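The values are calculated or read from the model by the stated rules, or taken from the named source; none is laboratory data. This is a predicted model, so every value here is computed, not measured. In this analysis, Cβ positions are derived from the backbone assuming ideal geometry, glycine residues included, and neighbour counts consider all displayed protein chains.
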Amino acid sequence: MMSTRVCLAAVAALLAVALSGCNLVVSEKPMFSAADARAAPVLRPGVWTSADSDCAFDPKAAISTWPQCANASIVTRTEIRSPTDASKTAPYLIVAGDPLVMQAKALLEGDIKANDGATELYFYLGFQPVDFDEQHRITAMRAWFVQCGPPPAEPPAPKPGEKPNPRAYATAKPLPGMAVQDTGMCTPTNGAAVLRAAGPSEAWGRPHLTARWVRDGDK
């Protein structure tokens with residue numbers, strides 16, 4: 001099975017993603033609004049890390065001293081941003097469901113688009129809280145990208161001079177409410193389709209993304 005980590009490039013796990021042809025569910029407009037988040041738990045604001053398992057760093061030290069493998073992020077009630085580049089800011093919300101779903105705005109880099117002319121992309125993650133604080137704010141979580149359907153086998157590498165077929169990286173069996181575009185992108189018809197796809201995607205999105213709150217503030 002093709003790893004999601006191989007298929008995308010992430011900054012702090014959630015900020016900048018290369019989404020083309022990865023079987024991931026994306027949309028040019030948000031499928032959810034703040035009203036859909038009212039019944040969902042919230043992330044505790046502050047400094048978060050999605051450090052690699054073998055990453056050694058001092059969580060009490062300033063973020064500026066952390067190695068890159070610590071994957072630091074600054075989380076607010078509405079945004080996730082890079083601690084070193086304020087331009088890399090991803091608005092997000094957590095949607096009530098079983099499992100929860102996180103909707104986040106992707107940072108488009110270069111020519112990454114869902115379709116010609118798209119100026120925004122939103123992606124979606126199934127979301128499972130692991131720990132809470134005394135105010136029932138989430139302080140640790142795991143997540144997985146919502147996918148279009150069962151991932152295909154990894155296609156053979158293109159021959160020299162041959163362009164890759166982005167549809168070869170997308171499922172041949174889209175889930176109900178999902179449509180695979182010629183770009184290889186998978187788009188949902190509505191929010192209900194995203195919520196339905198989040199559950200089965202848990203098995204397809206391994207290894208899962210993990211993150212935990214470290215402290216209040218942004219330094």
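For the reader, a short list of remarks on this structure follows.
Each row is one residue, and each column tells you yes or no for (1) out of contact with any helix residue (DSSP H, G or I) (no Cβ under 7 Å at 6 or more places or on another chain); (2) within 20 Å of residue 105 (Cβ to Cβ); (3) free of Cβ contacts under 8 Å to residues at least 60 places away in the same chain.
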position	(1), (2), (3)
126	no, yes, no
131	yes, no, no
134	yes, no, yes
138	yes, yes, no
143	yes, yes, no
146	no, yes, no
154	yes, no, no
157	yes, no, yes
163	yes, no, yes
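- Looking across segment 36-90, the residues that are touching a helix residue (DSSP H, G or I) at 6+ places or on another chain (Cβ under 9 Å) and of a type in the set (A, V, I, L, M) come down to 47, 51, 56, 63, 70, 72, 74.
- Within segment 68-105, considering residues that are within 25 Å of residue 190 (Cα to Cα) and of a type in the set (Lys, Arg), the one surrounded by the most Cβ atoms within 10 Å (Cβ to Cβ): 105
- Search result, residues across segment 170-192 that are crowded, with 20+ Cβ neighbours inside 10 Å and in contact (Cβ under 8 Å) with a residue 60 or more places away in the chain: 170, 178, 183, 184, 185, 186, 187, 188, 191
- Selection status of residue 179, out of contact with any Gly (no Cβ under 7 Å at 6 or more places or on another chain) and closer than 13 Å to residue 126 by Cα: no
- Every residue from segment 168-186 that is modelled with pLDDT of 95 or more and of a type in the set (A, V, I, L, M, F, W, C): 175, 178
- Among (1) within 23 Å of residue 32 (Cβ to Cβ); (2) within 17 Å of the chain's Cα centre (by Cα) - the single one residue 207 does not satisfy: (1)
- Any hit, segment 187-201, residues being touching a Phe, Trp or Tyr at 6+ places or on another chain (Cβ under 7 Å), among the hydroxyl-bearing types (Ser, Thr, Tyr) and either closer than 30 Å to residue 82 by Cα or at pLDDT 90 or above (or both): yes
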